[in-house]
Every structure is written in structure tokens, then in C-alpha cells.
Amino acid sequence: MVNDKDPEDSYRKKLDMCITDAIIKGGGGVLLGSLASVLIIKRRWPITTGLGIGMGISFANCQYALNNRTNSL
């Protein structure tokens, strides 16, 4: 996906993808945690748990993309 010759542009694009991935997965975790909190559990901890899981998955994907030599994400 990233076929630029400049390594800074490649790194910048990967970092932008990581930030976008973190926003999407963190927001999805908050949304699912909110639904679980409202409908099932009636507590606040599912919201923070969902956010933590979403951000953790995003961090793992970003770490893999930045440390991997091949083009990913």
C-alpha cells in the first residue's frame, strides 16, 4: 500500500494509519462498552474496558506495522 521512495513519507503514512486505527477501534470499544453498560450490566466499568481493549488492539496493530519490514496496514 505504501510504495513511496522517501522513508519519511512511508513512516508518516503508517503513523497516520495508526492514529486513524486507534480512533476507530477506541470509539468502537467505547460504543460496545456503553451498550453493554446500558443494556446488561448497569455499571461504568464496561466502557473503560471496551476502550482499553480497542486501544490495545490498535497499539498491537500499529506496533506490528511500524516494526515489520514489509508494507502492512
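Odds and ends about this structure:
- Unique match (being surrounded by 18 or more Cβ atoms within 10 Å (Cβ to Cβ), assigned to a helix (DSSP H, G or I), in contact (Cβ under 8 Å) with a residue 12 or more places away in the chain and β-branched (Val, Ile, Thr)) among ILE47, ILE57: ILE47
- Applying the condition of being among the small types (Gly, Ala, Ser) and buried (at least 16 other Cβ atoms within 10 Å of the Cβ) to the range 16-42 and asking which residue is nearest to TYR64 (Cα to Cα) yields ALA22.
- Residue identified as free of Cβ contacts under 8 Å to residues at least 60 places away in the same chain, within 27 Å of ASN67 (Cβ to Cβ), not small (Gly, Ala, Ser) and not in a helix (DSSP H, G or I) among LYS13, LYS5: LYS5
- In the range 1-15, residue nearest to ALA60 (Cα to Cα) [restricted to those that are surrounded by 11 or more Cβ atoms within 10 Å (Cβ to Cβ) and of a type in the set (A, V, I, L, M)]: LEU15
Values in this text are rule-based calculations from the coordinates and carry no lab data. None of the values given here were measured: they were computed from a predicted structure. For neighbour counting, all protein chains shown are included, and Cβ atoms are generated from backbone atoms with ideal geometry for every residue, glycine included.
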